[in-house]
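> My questions will all concern the structure given below.
Laboratory data are not the source of any read-out in this text; all were calculated from the coordinates shown. All figures in this text were calculated on a predicted structure; none of them were measured in a lab. Cβ placement follows ideal geometry from the backbone for every residue including glycine, while neighbour counts extend to all protein chains displayed.
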Ligand code: ATP
């Protein structure tokens, strides 16, 4: 369980997020929605320790993460997939996937065949292009690669910043299915999105952020209706 209590965070002296209380369980998808500039990316940066907490607490299974580095957070299994399908363009698909294991303690590493084969099973197109440079892939394929790379580190929590951005509409379901599959295996997924309908269909719980504050949250059973959500985000 990743838990945030009474947290605020921002940039320098500027506070963006205020009074954030959030529990992110393993084995589920928590969808984070909100208008532009609401603080969604900032929330992910706070969770992955890219920015410091200005107040409040952040714990993983009860142990504080408040002062650890991004690298240590990654080692503890909190993996941030940044917005904009960041991959290493001059490396092959296969090398990109393998690189995800860097920094993992040796006993936790899988063989290259293992990490790559399971990635190719869920994203067959990556298998077809395993020897191609990442730069030659489409936006959606690069997003798949970024996710496969993160998955190769066997994270406990995967923080995904707008994975549908710049991705052909036809590939969005594959990406959401991938996340659903990982949650089914026990991973905690935090999914920041601009799209509403497709991510809502796979989400187990929802958080709505506006002007740096959580204005609604709840499990699937108590999620606001879609129209209410749109109103909440626009109004
Ligand atoms: P979007 O949907 O447009 O990506 P968001 O909800 O992810 O928006 P954030 O990117 O978290 O919002 O931005 C929240 C606020 O923090 C905005 O006012 C933004 O200008 C500010 N901000 C974001 N990144 C930085 C930064 N590196 N330095 C200073 N301010 C920043």
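> Between residue 168 and residue 55, how many nm apart are label points set 7 Å from Cα along the C-beta direction?
5.0
> At residue 112 and residue 219, where each label point lies 7 Å from the Cα along Cα→Cβ, what is the point-to-point distance in nanometres?
4.5
> Also, I was wondering about something else. How much length would be gained if the chain were fully extended between residue 36 and residue 232, taking 0.36 nm per residue of separation minus their Cα-Cα distance, in nm to one decimal? Provide the component values of the computation, followed by the final result.
On the way: separation 196, 0.36 × 196 = 70.56 nm, distance 1.27 nm.
Result: 69.3 nm gained on full extension.
> Right, next: Taking only C-alpha pairs under 8 Å that are 6+ residues apart, what is the relative contact order of the range 35-159 in percent? Please report the intermediate quantities before stating the final value.
Details: 151 pairs, mean separation 41.3, N = 125.
About 33 percent, as a whole number.
> 7 Å from Cα along Cα→Cβ at both residue 136 and residue 63: what's the point-to-point distance in nm?
Each label point is offset 7 Å from its Cα along the Cβ direction, giving 4.3 nm.
> While we're on this one: How high is the relative contact order of the chain, given as a whole-number percent (alpha carbon pairs under 8 Å, six or more residues apart)? If you can, show how the numbers build up before the last one.
Numbers: 462 pairs, mean separation 67.5, N = 235.
Once divided by the residue count of the chain, the mean separation gives 29 percent.
> Please report the spacing between the Cα centers of the range 40-67 and the range 152-198 in Å, no decimals.
The distance from the Cα centre of the range 40-67 to that of the range 152-198 comes to 21 Å.
> I'd like the per residue volume of the convex hull spanned by the Cα atoms of the range 163-235, given in cubic angstrom. If you can, show how the numbers build up before the last one.
Details: hull volume 7.4 nm³, N = 73.
About 102 Å³ per residue, rounded to a whole number.
> How far, in degrees from 0 to 90, does helix 139-151 lean away from the longest principal axis of the Cα atoms of the chain, to the nearest 10?
Taking Cα atoms only, the helix is inclined about 90 degrees.
> Something else about it: Tell me, what is the FRET efficiency for residue 128 and residue 72 to the nearest 0.05, using R0 = 41 angstrom and their Cβ-Cβ distance as r?
Details: r = 36 Å, r/R0 = 0.88.
E(calc), rounded to 0.05, equals 0.70.
> Also, quick follow-up: Under 8 Å for C-alpha pairs, at least 6 residues apart: give me the relative contact order for the range 132-203, rounded to a whole percent. Don't skip to the answer; put the middle values down first.
Values: 58 pairs, mean separation 25.9, N = 72.
Relative contact order comes out at 36 percent.
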